[in-house]
Each structure stands twice: as C-alpha cells, then as structure tokens.
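Student: Please read through the structure below; I'll follow up with questions.
The values are calculated or read from the model by the stated rules, or taken from the named source; none is laboratory data. Note that this is a predicted model, so its numbers are computed, not measured. As a convention, Cβ positions derive from the backbone with ideal geometry for all residues, glycine included, and neighbour counts pool all protein chains shown.
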Amino acid sequence: MKLDCVRIIEAGYAFTESEQAWLADLLEPFEPLSQGLGIVGTIWDFDGPDPGPRVWAARGASPDLVRAYQERSSYLSREHLPVLRRIMTPRRGGACWSSKFRALFPEEVARRAGAAFVGTGAGDSLGVLFAEPGTPTVTVNLPFPERREVPPRTMQQLVRVTAHLTTALRLRARLQRAAADAAEVEAVLEPGGRVRDATGAAEPAAARASLTEAVRAVERARGRLRRTDPEEALAIWRALFDGRWSIIERTESDGKRFLLARRNAPGFRDPKALAPGERDVLVYAVRGLSNKYIGYLLGVATSTVATRLATGLHKLGLPTRREAIALLGGDPPSPAAAGPLARA
C-alpha cells in the first residue's frame with residue numbers, strides 16, 4: 001500500500017480545462033489503495049441552484065458500484081442537504097471511512113443511504129475529501145469489501161496530501177476565472193533554482209532566495225526521494241511557500257522546463273485589520289483545523305501558526321478559538337467527522 005504522494009500532488013496541480021478529465025486523472029495515482037473494486041471521484045457544488053454532485057469519474061469501478069454512489073449522493077442531497085452541506089463543505093480535508101460519515105446521520109437515513117450498495121461487493125469506503133471556501137468540494141472514494149485497518153502512516157500521508165490538493169483546487173479556481181492571467185505569475189525559475197524573472201513581492205533578494213530554495217525542494221521531492229522516502233518528499237514540498245506562492249511546472253514547446261511561482265494565498269476576508277497571515281490562520285483555525293495542518297496549508301512552521309493565531313486573537317480581543325468561532329462564523333467539525341485531521 002505504498003503511495004506515490006508526489007504523483008497525486010502533480011495530478012492535482014495539472015491544469016486540465018475539463019473538470020471530468022482532471023478528476024479522472026486525479027484518481028489514477030490512488031490505485032495502490034484500491035482493493036479491486038476501483039475508485040470513484042466526485043466534484044460537488046453546494047452553492048449553485050442545484051446543490052449536490054455535478055461531476056463524476058471512475059477508474060476500474062463497475063457500473064453498479066458507480067450507480068450506488070450516485071444514488072446515495074442524490075438521495076442525501078435531495079432529502080438531507082443541510083446535514084450533507086455541513087459535513088462536506090470546506091471545514092477540513094483528510095481521509096475518513098464512509099461508516100463514520102453515515103454515523104452523522106439519523107439511523108434510518110444511514111440505512112437508506114447504505115441500501116444502494118447491496119450487491120455491489122462494497123462493505124465500506126475510504127473517502128478522501130478536500131475543499132475550501134469559494135471552490136467545489138472534491139471526494140475520492142475507495143470502496144473496500146469490508147472495513148479494514150489502513151496503516152497510520154498511510155492515513156497521515158493522505159492528510160498531508162489533502163493540504164496540497166486544497167491549495168491546488170484554489171489555484172485551479174483562480175486560473176479558471178477571467179482575471180487569472182500572467183500577472184499572477186510573480187517569478188519564473190529554472191529547475192536548478194535560478195530566477196529568470198521576478199516581479200512584485202518576488203522581486204526583493206530575500207524573496208528570490210526563498211523561491212530558489214522552494215524550487216530546489218520541489219525538484220528534490222519529484223526525484224527519487226518520492227520513492228525512497230515519501231514522507232520526506234511530502235515534508236519538503238509544502239502546499240504554499242511563504243504563505244503566498246504555489247510552485248507550478250511549465251514546459252515550453254521546445255521542451256524546456258520552467259517553474260512558475262503563482263500567487264495563491266487563501267485571501268479570506270476578516271472583520272478587523274488583521275495582517276494577512278493572521279487572518280488566514282484564524283479562518284482555518286475556526287474551521288477546526290489543527291495548527292500542524294494549518295502549517296501544511298500555508299507552508300509555514302507550526303510555531304509560526306501559533307504565533308499568528310495568538311496575535312490575531314489578541315487584536316480581535318478574543319481569548320480563545322471558541323470566541324473567534326462566533327465572530328468569524330466558523331463551524332468546527334465534530335471529532336467523528338474530522339477523522340485523522342483532528343489529530344494531525
């Protein structure tokens with residue numbers, strides 16, 4: 001059950017215009033987790049006129065199994081949307097068993113939702129979820145004949161991968177908007193880390209040095225380290241660098257490779273005059289995410305998250321996260337819903 005986590009990340013950052021094609025490509029690197037029943041992916045939209053699943057992709061799954069996922073999703077979206085939205089909209093990312101997901105619904109609802117899978121061979125599913133405000137929710141479902149133990153190391157890798165996929169999803173949304181153009185590229189670097197061009201926040205010498213280090217980390221993670229030590233590869237390729245940039249690969253028509261530093265900070269709104277880093281930490285914190293996972297998302301150390309959280313709360317005149325929830329409109333997940341993220 002050895003995942004190539006870097007391959008999953010690369011698939012997330014690949015800008016394929018078709019959502020269905022992008023989702024289908026994203027499923028492939030999850031195959032080492034497959035139990036012979038295939039993989040089913042879904043893109044959900046909870047903000048449109050018809051909330052619920054809108055894009056499906058499958059890899060190696062039978063038509064009956066895909067239909068079972070579709071029937072369950074349609075039923076819950078139609079009959080129990082408020083609960084489904086609370087669980088599925090951007091509060092966290094990570095991996096969780098469907099049986100834990102069903103436990104959040106009334107018993108009769110869970111029974112009806114599970115009835116769609118009778119005869120499909122699937123007894124439970126390991127689901128990977130990632131999302132963020134302003135973007136769709138994406139799920140990758142791996143059906144299992146029965147629930148079984150997945151190595152803790154694999155679960156922790158999935159948690160970290162969802163930090164990258166959340167960041168990739170936000171960048172994808174930015175690129176799909178008309179306003180996303182070359183102006184959002186603040187630096188162009190060679191694979192070795194040499195800066196070819198820099199502008200804006202990337203222009204100062206300190207920023208250039210930081211980006212050079214970031215590109216070298218990305219290239220090292222993409223090398224043999226992804227096979228020899230996938231956890232180290234995940235650790236050195238952060239979801240964001242300096243809380244601002246995503247590093248994206250580009251290949252020119254002549255075959256030359258470059259790496260682009262694209263602006264991709266979360267950009268949440270805040271009720272007071274907080275510094276951007278304080279604002280982003282606070283918004284993630286009131287969604288129930290741990291300091292460690294927020295560090296994954298923002299590409300900063302856990303100690304930096306703690307400092308920004310403390311200063312942000314102080315500026316708001318709030319003693320704890322709990323008081324911040326009411327002010328910022330947060331809705332932290334229950335422990336059952338959060339899965340491993342609550343402990344990440």
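Student: Going by what's in this entry, would Glu231 be described as modelled with pLDDT under 90 and within 30 Å of Asn141 (Cα to Cα)?
Tutor: yes
Student: While we're here: Quick check on my filter: what residues within the range 113-165 are hydroxyl-bearing (Ser, Thr, Tyr) and either part of a loop (DSSP other than H, G, I, E, B) or over 21 Å from Arg59 (Cβ atoms) (or both)?
Tutor: Those that are hydroxyl-bearing (Ser, Thr, Tyr) and either part of a loop (DSSP other than H, G, I, E, B) or over 21 Å from Arg59 (Cβ atoms) (or both): Thr120, Thr135.
Student: Moving on. Before we move on, is Leu26 in the same structural domain as Gly123 (by TED's automatic domain parsing), under 25 Å from Ala239 (Cα atoms) and of a type outside the set (Val, Ile, Thr)?
Tutor: yes
Student: Of all residues being in a helix (DSSP H, G or I) and within 29 Å of the chain's Cα centre (by Cα) in the range 99-110, which is surrounded by the fewest Cβ atoms within 10 Å (Cβ to Cβ)? Just the residue, please.
Tutor: Ser99
Student: Please enumerate the residues belonging to the range 48-64 that are in contact with a strand residue (DSSP E or B) (Cβ under 8 Å, 6 or more places away or on another chain) and over 16 Å from Ala24 (Cα atoms).
Tutor: Within the range 48-64, Gly48, Pro51, Gly52 meet the criteria.
Student: Out of everything in the range 112-160 that is farther than 25 Å from Tyr293 by Cβ and touching a Pro at 6+ places or on another chain (Cβ under 9 Å), what residue ends up being surrounded by the most Cβ atoms within 10 Å (Cβ to Cβ)?
Tutor: Out of the qualifying residues, it is Ala122.
Student: Related question: Among Gly60, Gly94, Gly48, which is free of Cβ contacts under 8 Å to residues at least 12 places away in the same chain and either under 24 Å from Gly123 (Cα atoms) or in contact with a Lys or Arg (Cβ under 8 Å, 6 or more places away or on another chain) (or both)?
Tutor: Answer to the check: Gly48.
Student: Taking the residues in the range 179-206 that are in a helix (DSSP H, G or I), hydrophobic (A, V, I, L, M, F, W, C) and touching a strand residue (DSSP E or B) at 6+ places or on another chain (Cβ under 7 Å) as candidates, determine which candidate is surrounded by the most Cβ atoms within 10 Å (Cβ to Cβ).
Tutor: Ala202
Student: Quick check, is Phe241 among the aromatic types (Phe, Trp, Tyr) and either more than 27 Å from Tyr284 (Cβ to Cβ) or surrounded by fewer than 18 Cβ atoms within 10 Å (Cβ to Cβ) (or both)?
Tutor: Here the answer is no, as Phe241 does not meet what is asked.
Student: Does Asp4 qualify as being out of contact with any strand residue (DSSP E or B) (no Cβ under 7 Å at 6 or more places or on another chain), closer than 24 Å to Gln156 by Cβ and either surrounded by fewer than 19 Cβ atoms within 10 Å (Cβ to Cβ) or among the aromatic types (Phe, Trp, Tyr) (or both)? Step through it out loud before you land on a result.
Tutor: On the way: out of contact with any strand residue (DSSP E or B) (no Cβ under 7 Å at 6 or more places or on another chain): yes; closer than 24 Å to Gln156 by Cβ: yes; either surrounded by fewer than 19 Cβ atoms within 10 Å (Cβ to Cβ) or among the aromatic types (Phe, Trp, Tyr) (or both): yes.
It is true that Asp4 is out of contact with any strand residue (DSSP E or B) (no Cβ under 7 Å at 6 or more places or on another chain), closer than 24 Å to Gln156 by Cβ and either surrounded by fewer than 19 Cβ atoms within 10 Å (Cβ to Cβ) or among the aromatic types (Phe, Trp, Tyr) (or both).
Student: Please return the ranges of helices (runs of 4 or more DSSP H) entirely within the range 1-85 where 1 or more residues are closer than 19 Å to Ala173 by Cα, of a type outside the set (Phe, Trp, Tyr) and in contact with an Asp or Glu (Cβ under 8 Å, 6 or more places away or on another chain).
Tutor: 5-13
Student: Do we find that Ser253 is without any contact (Cβ under 8 Å) to a residue 24 or more places away in the chain, more than 16 Å from the chain's Cα centre (by Cα) and assigned to a loop (DSSP other than H, G, I, E, B) in this structure? Spell out the reasoning first.
Tutor: Values: without any contact (Cβ under 8 Å) to a residue 24 or more places away in the chain: yes; more than 16 Å from the chain's Cα centre (by Cα): yes; assigned to a loop (DSSP other than H, G, I, E, B): yes.
Criteria met by Ser253.
Student: Anything in the range 213-248 that is charged (D, E, K, R) and either in contact (Cβ under 8 Å) with a residue 12 or more places away in the chain or part of a helix (DSSP H, G or I) (or both)? List them, or say none.
Tutor: Glu213, Arg216, Glu219, Arg220, Arg222, Arg226, Arg227, Glu231, Glu232, Arg238, Asp242, Arg244
Student: Does Ala115 qualify as being in contact (Cβ under 8 Å) with a residue 12 or more places away in the chain and more than 18 Å from the chain's Cα centre (by Cα)?
Tutor: Spelling it out, it is not the case that Ala115 is in contact (Cβ under 8 Å) with a residue 12 or more places away in the chain and more than 18 Å from the chain's Cα centre (by Cα).
Student: Exactly one of (1) aliphatic (A, V, I, L, M); (2) under 19 Å from Pro133 (Cα atoms); (3) in a helix (DSSP H, G or I); (4) modelled with pLDDT of 75 or more is unmet by Leu313. Its number?
Tutor: So Leu313 meets the others, but not (2).
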